[in-house]
Amino acid sequence: MTPILPAALMAALALAACKTETGGGAVPPPAQGGAALVDGTYDLRAEACGDPASETRLTLAGESWRFYEARCTRSAVGADGAMTLSCSSEGMTDTRAAKATMEGAALRLTDAGGTRLYQRCDG
């Protein structure tokens, strides 16, 4: 793979999965402890939950994570929420370290792109 492709993949995944919107404010500090990740649909903007084409949407189904343009498979989740996401977007692949924890009905996701707080859309 040429050096340009990894950089292009990182840029594509950053745009698809790493929007840093949080609904208007700074992301609060993480809660202590951790609950199991809950399958479902999440969005960075609660008002976008009704929009299936939202660019800030994330859907969890077990090991399968779907962002707007990226499809990922997660590794086992450590007690602290640490995991690896293996993602593909527009024909390119990437593997990155991430940490995900539940905070009430919200999902806090941290990776090299920063920390985002996704609001639960269903259930």
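Quick notes on this one:
- Here R66 sits with roughly 120 square angstrom of accessible surface, probe radius 1.4 Å.
- Orientation-averaged projected area, Cα convex hull of the stretch 68-110 (nm²): 3.4
- Convex hull volume per residue for the stretch 31-123, taking Cα atoms only, in Å³: 94
The values are calculated or read from the model by the stated rules, or taken from the named source; none is laboratory data. Small disclaimer: the values here were computed from a predicted structure and weren't measured. For accessibility, only protein heavy atoms count, side chains too; no ligands or nucleic acids. Shrake-Rupley method; radii C 1.70, N 1.55, O 1.52, S 1.80 Å.
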